[in-house]
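Enquirer: The structure follows.
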Amino acid sequence: MRPIRLTCSAILAFALCWVGARRSGPLPPLGPLLDPANGAVGAARAARIPPRMKGIVPGLAGAVTITYDDRAVPHVVAGSPEDAYRALGWVVARDRLFQLELQTRAAAGTLSELNPQLLRLDTVARRIGLGWAAERKFALLKEGGPERRSLDAYADGVNAYVAQMQPWELPIEYRLLGRLPMRWEPKHTMYLLSRMNQTLSFQVPEYSVVLAGALVGRAAAEQLYAAEAPIQEPIQPNGQKATRFDLRKLPPPGAPDTAILSAAGTVALAASAVGGATAGDPEWREASNNWAVSPRRTKHGYAILSGDPHLDLSLPSIWYEAHLTVKGELDAYGFTFAGTPSIVLGFNRDVAWSATNTGADVLDLYRETVDDGRHPTKYKLDGAWVPLEVHEEVYRGPGGRRLQLDTLYFTHRGPMRSLRGAWVSMRWTALDTTNAAASIAVFQRAQRATSVATLMTAMEGYVAPAQNFIMADRAGSIGIRSTGRYPIRPGNGSGIEVRDGSTRASDWTGYWPLDQYPQSVNPAQGFLASANQQPIDPKVNKRYLGASWPAPFRAMRINQRLRADSAWTPDAIRRMQVDSGSARADLFVPEFLGAAERLAKGGHGAPELTHAAALLAEWSRSYTPGDKRAVLFESAMEFLSRGVWDELIPADSLSPLRPPVPGAMALARLMRDPASPWWDDKRTPGVVESRDDMLAAALVGALNDLTKKYGDENGEAWQWGRRGPIEINHLLRLAPFGEHGVQARSGPETIAPRAANGTHSSSERLLVETGPELHAWTTYPGGQSGNPFSRYYKNRVPQWASGGLDSALFGAVPPNRTIATLTLVPAGSR
């Protein structure tokens with residue numbers, strides 16, 4: 001009885017913690033939660049996977065067998081692809097039911113029905129058209145077509161599980177919220193894809209340029225957030241054997257540009273109105289890594305692929321691992337999103353693939369002219385008044401209580417919104433309905449690809465969000481292509497401006513042809529890599545693809561290591577996946593140390609500067625949990641950034657017209673110009689600072705600040721693991737269900753990354769060695785189950801944190817690796 005008593009005690013403690021953590025809103029009744037049969041104790045009971053299970057799924061053409069291996073990965077063996085997708089829907093619902101609903105509601109804008117405090121997120125989702133686009137795309141799927149059949153089949157599986165679920169199997173989140181699961185509809189997969197587009201491609205680079213231009217002039221602003229990255233390590237190889245630096249001097253800050261001041265206000269207000277879109281952190285746009293090594297650079301003579309997408313970390317994870325088999329048609333293993341009837345990233349017997357985010361500029365803003373500034377019904381287009389599409393939206397809270405009314409407007413381009421009289425619409429590839437089936441079809445075709453060439457063909461119709469798909473096959477070919485739909489804009493083709501919406505001449509004129517996408521197959525260098533850097537060197541192709549690119553520090557480190565070895569093994573690649581060395585530190589640490597040395601030689605040094613420089617010089621430039629110097633570098637970089645960009649702070653520090661802080665590449669350009677006026681801090685009248693002055697002040701300021709906060713520089717409080725841990729939050733931010741303070745070798749812009757206060761990092765790792773017999777290894781920071789009481793809820797976190805991988809069982813699961821078997825049969829079967 002002891003284990004049961006412990007479980008009950010843990011549940012009661014959790015319930016009390018949860019109630020104590022609630023700040024507002026209705027509390028769930030604790031009676032049902034603590035019901036010994038069907039309450040939270042039931043959730044603990046449901047955490048166990050019975051060794052033998054059986055279910056009935058309407059629509060199945062024949063029996064389906066699912067074998068769970070000892071990592072809780074379901075291996076589905078079905079007689080048809082649709083039956084495999086029905087089984088996938090069932091097993092995902094069993095493990096991730098609440099996640100399925102939550103992410104659908106996030107796109108539909110109905111989270112407030114669970115908690116009214118989430119109303120703002122709902123208004124954003126609806127105003128940017130996530131559900132609007134999902135509904136339109138789903139309506140265009142051909143009834144009875146392969147894409148629609150797969151969505152219908154997946155929904156059959158999800159709903160069959162829910163219908164046969166026992167009361168005690170209801171996920172704990174529903175018990176806490178006092179709700180039952182909603183019915184899963186086939187269109188909900190399209191909602192999930194809309195949500196992924198919001199995460200990966202909802203960026204507005206003109207936001208940065210226009211807002212900065214209003215403060216320092218357009219010329220300076222366009223260089224601070226440049227369309228051409230001054231540090232080039234492109235995805236499509238440029239023929240060079242090292243990083244190309246083009247660190248020209250930055251134009252000095254100019255006078256505020258009154259001509260675009262009103263435009264700046266329009267952009268800021270419009271971005272807020274349509275959903276808070278910004279350029280994002282220039283150093284972190286849902287960053288990811290992938291690379292492939294050709295056989296001639298590997299020890300065993302087989303191509304190796306590494307995939308490592310970096311996303312928001314959560315429990316349960318965004319990914320679910322599965323294996324789908326249909327004799328003669330399908331044999332694919334890898335990672336799927338909960339809600340998607342396919343393997344999204346993974347491998348089959350012949351080819352492996354992964355992806356990183358491209359970060360292309362695929363969203364534009366347009367100033368619109370309307371017939372009524374308060375309640376428009378028409379907008380002007382080429383001299384004529386065109387009717388607006390108008391939707392009246394009702395936002396509801398728990399129990400159906402009406403929280404808010406909203407009116408949404410749509411032009412032929414997309415959603416239109418007003419704030420303080422400025423009407424702005426947006427065009428975004430994520431909302432395009434042309435080739436609506438492609439977002440489903442490409443991954444289902446990828447599962448059947450037999451080579452890099454056929455996989456490239458399978459991905460041709462892919463639209464959004466643009467991704468850098470990398471691949472490797474058994475024949476030894478490797479390839480990469482930045483695939484998506486890239487708009488061709490009128491005029492100079494730039495996307496860094498707000499266009500006149502009153503004329504069709506401002507509209508996109510088409511999309512890039514496929515042969516002009518950044519891409520490479522079997523390059524002479526023998527490897528390919530992407531890490532969200534600018535995909536193609538502007539010296540090779542100057543065509544506008546985006547702006548304010550993240551610095552290519554991860555790409556620099558990856559390529560530096562790949563160039564240095566020609567006998568790669570899977571284990572060496574595994575270790576490289578968690579490399580914590582920093583190309584960013586390699587660039588900036590010498591600048592801090594050089595400034596301290598020059599000032600000392602010139603008689604302007606100080607004891608505290610000498611001490612700070614000596615501490616920084618001790619650093620290995622690697623982010624390990626026990627390191628005590630990484631925190632000094634990070635703090636110094638923060639102090640430096642705050643001191644340099646004072647010109648970008650509006651007179652009203654609370655103004656919405658404040659642009660994002662420029663990224664590290666702008667700082668790197670400044671380093672080449674020691675007397676640039678950007679170095680002078682205008683907040684210190686009577687003093688004109690130089691580069692070395694600001695570097696020294698940042699380093700000393702960082703040391704003093706850290707000493708004040710954490711004491712002696714050799715104390716444990718300075719350890720990077722304490723200052724920069726990984727945080728994996730539960731989907732509802734319930735602290736007892738998260739994993740906090742995870743120690744890992746990771747840092748800003750390292751191959752193994754840490755960003756956004758530790759909540760963004762590697763969301764899964766995939767390693768595949770192709771050849772006559774394919775071998776693969778996987779992990780992710782979580783577990784297969786969404787039940788916090790399951791041993792498979794977060795069992796992979798320690799392995800992930802240490803850089804370990806597990807072998808993927810790609811084939812029949814042996815008895816000694818089998819933990820359960822599930823048989824699904826058609827309705828009416830015995």
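The values are calculated or read from the model by the stated rules, or taken from the named source; none is laboratory data. Keep in mind the model is a prediction, meaning the values are calculated, not measured. Glycine gets a Cβ as well: all are built from the backbone with ideal geometry, and neighbour counts include every protein chain shown. Heads up: the accessible areas ignore ligands, DNA and RNA and are worked out on the full protein's heavy atoms, side chains in. Shrake-Rupley method; radii C 1.70, N 1.55, O 1.52, S 1.80 Å.
Enquirer: Might you let me know whether the stretch 94-101 holds any residue that is in a helix (DSSP H, G or I), touching a strand residue (DSSP E or B) at 6+ places or on another chain (Cβ under 9 Å), among the basic types (Lys, Arg) and open to solvent by 10 Å² or more (accessible area, probe 1.4 Å)?
Expert: Within the stretch 94-101, the first condition is being in a helix (DSSP H, G or I), and the residues that meet it are 94-101.
Checking which are touching a strand residue (DSSP E or B) at 6+ places or on another chain (Cβ under 9 Å) leaves us with 94-96, 99.
Adding the requirement that they be among the basic types (Lys, Arg) leaves 94, 96.
When the remaining residues are screened for being open to solvent by 10 Å² or more (accessible area, probe 1.4 Å), the result is 94.
Checking the stretch 94-101: at least one residue is in a helix (DSSP H, G or I), touching a strand residue (DSSP E or B) at 6+ places or on another chain (Cβ under 9 Å), among the basic types (Lys, Arg) and open to solvent by 10 Å² or more (accessible area, probe 1.4 Å).
Enquirer: Scan the stretch 405-414 and tell me whether some residue there is more than 18 Å from TRP132 (Cα to Cα), in contact with an Asp or Glu (Cβ under 7 Å, 6 or more places away or on another chain), touching a residue at least 12 places away in the same chain (Cβ under 8 Å) and open to solvent by less than 20 Å² (accessible area, probe 1.4 Å). Break it down stepwise before answering.
Expert: Going through the stretch 405-414, the residues more than 18 Å from TRP132 (Cα to Cα) turn out to be none.
For the stretch 405-414, residues more than 18 Å from TRP132 (Cα to Cα), in contact with an Asp or Glu (Cβ under 7 Å, 6 or more places away or on another chain), touching a residue at least 12 places away in the same chain (Cβ under 8 Å) and open to solvent by less than 20 Å² (accessible area, probe 1.4 Å): absent.
Enquirer: Could I ask something else about it? Scanning for something among the polar types (S, T, N, Q), open to solvent by less than 30 Å² (accessible area, probe 1.4 Å) and touching a Phe, Trp or Tyr at 6+ places or on another chain (Cβ under 8 Å), does the stretch 582-602 turn up at least one residue? Don't jump to the end; show me each part of the working.
Expert: Taking the stretch 582-602 first, the residues among the polar types (S, T, N, Q) are 582.
Checking which are open to solvent by less than 30 Å² (accessible area, probe 1.4 Å) leaves us with 582.
In the following step, the residues that additionally are touching a Phe, Trp or Tyr at 6+ places or on another chain (Cβ under 8 Å) were identified as 582.
Within the stretch 582-602, one or more residues are among the polar types (S, T, N, Q), open to solvent by less than 30 Å² (accessible area, probe 1.4 Å) and touching a Phe, Trp or Tyr at 6+ places or on another chain (Cβ under 8 Å).
Enquirer: I need the full set of residues from the stretch 274-307 which are at pLDDT below 95, buried (at least 22 other Cβ atoms within 10 Å of the Cβ) and part of a strand (DSSP E or B), in order please.
Expert: Within the stretch 274-307, SER288 is the sole residue that qualifies.
Enquirer: Can you tell me which residue in the stretch 725-761 is nearest to the chain's Cα centre (by Cα), limited to those that are open to solvent by less than 30 Å² (accessible area, probe 1.4 Å) and aliphatic (A, V, I, L, M)?
Expert: Taking the candidates together, the pick is ALA755.
Enquirer: For ARG349, state whether it is modelled with pLDDT of 95 or more, surrounded by fewer than 19 Cβ atoms within 10 Å (Cβ to Cβ) and more than 23 Å from LEU431 (Cα to Cα). So that I can check it myself, show each step before the final result.
Expert: Values: modelled with pLDDT of 95 or more: yes; surrounded by fewer than 19 Cβ atoms within 10 Å (Cβ to Cβ): yes; more than 23 Å from LEU431 (Cα to Cα): yes.
So ARG349 fits the description; yes.
Enquirer: Name every residue in the stretch 791-830 that is of a type in the set (A, V, I, L, M, F, W, C) and under 34 Å from the mean Cα position of the chain (by Cα), in order of residue number. Steps first, answer last, please.
Expert: Quick first cut of the stretch 791-830, residues of a type in the set (A, V, I, L, M, F, W, C) only: 797, 800-801, 805, 808-810, 812-813, 819-820, 822, 824-825, 827.
Once the filter is applied, which keeps residues that are of a type in the set (A, V, I, L, M, F, W, C) and under 34 Å from the mean Cα position of the chain (by Cα), the stretch 791-830 yields VAL797, TRP800, ALA801, LEU805, ALA808, LEU809, PHE810, ALA812, VAL813, ILE819, ALA820, LEU822.
Enquirer: Does GLY479 fit the bill of being over 23 Å from the mean Cα position of the chain (by Cα), surrounded by fewer than 24 Cβ atoms within 10 Å (Cβ to Cβ) and touching a residue at least 40 places away in the same chain (Cβ under 8 Å)?
Expert: Details: over 23 Å from the mean Cα position of the chain (by Cα): no; surrounded by fewer than 24 Cβ atoms within 10 Å (Cβ to Cβ): yes; touching a residue at least 40 places away in the same chain (Cβ under 8 Å): yes.
No; evaluated as a whole, the condition is false for this residue.
Enquirer: Exactly one condition in (1) open to solvent by 10 Å² or more (accessible area, probe 1.4 Å); (2) small (Gly, Ala, Ser); (3) over 32 Å from the mean Cα position of the chain (by Cα) is not met by SER635; state its number.
Expert: Against the list (1) open to solvent by 10 Å² or more (accessible area, probe 1.4 Å); (2) small (Gly, Ala, Ser); (3) over 32 Å from the mean Cα position of the chain (by Cα), SER635 comes up short only on (3).
Enquirer: Does at least one position in the stretch 557-576 carry a residue that is touching a residue at least 60 places away in the same chain (Cβ under 8 Å), in the same structural domain as ALA697 (by TED's automatic domain parsing) and over 22 Å from ASP680 (Cβ atoms)?
Expert: No, there is no match, as no residue in the stretch 557-576 is touching a residue at least 60 places away in the same chain (Cβ under 8 Å), in the same structural domain as ALA697 (by TED's automatic domain parsing) and over 22 Å from ASP680 (Cβ atoms).
Enquirer: Note down all Cβ pairs under 6 Å where the first residue falls in the stretch 365-379 and is open to solvent by 20 Å² or more (accessible area, probe 1.4 Å), the second is acidic (Asp, Glu) and part of a loop (DSSP other than H, G, I, E, B), and they're at least six residues apart or on different chains.
Expert: Hits for this filter: LYS378/ASP371.
Enquirer: Which pairs turn up if I take residues in the stretch 770-784 that are farther than 13 Å from ALA808 by Cβ and look for partners that are modelled with pLDDT under 95 and of a type outside the set (A, V, I, L, M, F, W, C) with beta carbon separation below 9 Å, at least 6 apart in sequence or on another chain?
Expert: Final answer for the pair search is PRO781/SER761; PRO781/SER762.
Enquirer: Provide a single number: the residues in the stretch 427-444 that are touching an Asp or Glu at 6+ places or on another chain (Cβ under 7 Å) and under 21 Å from TRP508 (Cα atoms). Let's see the steps before the verdict.
Expert: Applying the first criterion (touching an Asp or Glu at 6+ places or on another chain (Cβ under 7 Å)) to the stretch 427-444 yields 427, 437, 440-441.
Filter once more, so that each one left must be under 21 Å from TRP508 (Cα atoms): 427.
Adding up the residues that qualify gives 1.
Enquirer: Could you grab me the full set of residues in the stretch 580-611 that are assigned to a helix (DSSP H, G or I), among the hydrophobic types (A, V, I, L, M, F, W, C) and farther than 30 Å from ARG557 by Cα? Lay out the reasoning, then the answer.
Expert: Our first condition is that a residue be assigned to a helix (DSSP H, G or I); within the stretch 580-611, this holds for 583-601, 607-611.
Going one step further and asking which of them are among the hydrophobic types (A, V, I, L, M, F, W, C), we end up with 583, 585, 587-589, 592-593, 595-596, 599-600, 609.
Selection gives LEU599, ALA600.
Enquirer: Checking the structure you have, find out if any residue of the stretch 60-71 is aliphatic (A, V, I, L, M), assigned to a loop (DSSP other than H, G, I, E, B) and within 30 Å of GLY399 (Cβ to Cβ). If you could, list the steps in order and put the result at the bottom.
Expert: First pass over the stretch 60-71, keeping only residues aliphatic (A, V, I, L, M): 60-61, 63-64, 66.
Those left that are additionally assigned to a loop (DSSP other than H, G, I, E, B): 60-61, 63.
From the residues that got through so far, the ones that are within 30 Å of GLY399 (Cβ to Cβ) too are none.
Taking every residue of the stretch 60-71 in turn, none turns out to be aliphatic (A, V, I, L, M), assigned to a loop (DSSP other than H, G, I, E, B) and within 30 Å of GLY399 (Cβ to Cβ).
Enquirer: Of all the strands (runs of 3 or more DSSP E) wholly in the stretch 448-544, which have at least 1 residues that are under 24 Å from ASN435 (Cα atoms)? Let's see the steps before the verdict.
Expert: Details: elements: 467-473, 478-483, 519-521, 527-530.
The strands (runs of 3 or more DSSP E) meeting that bar are 467-473, 478-483, 519-521.
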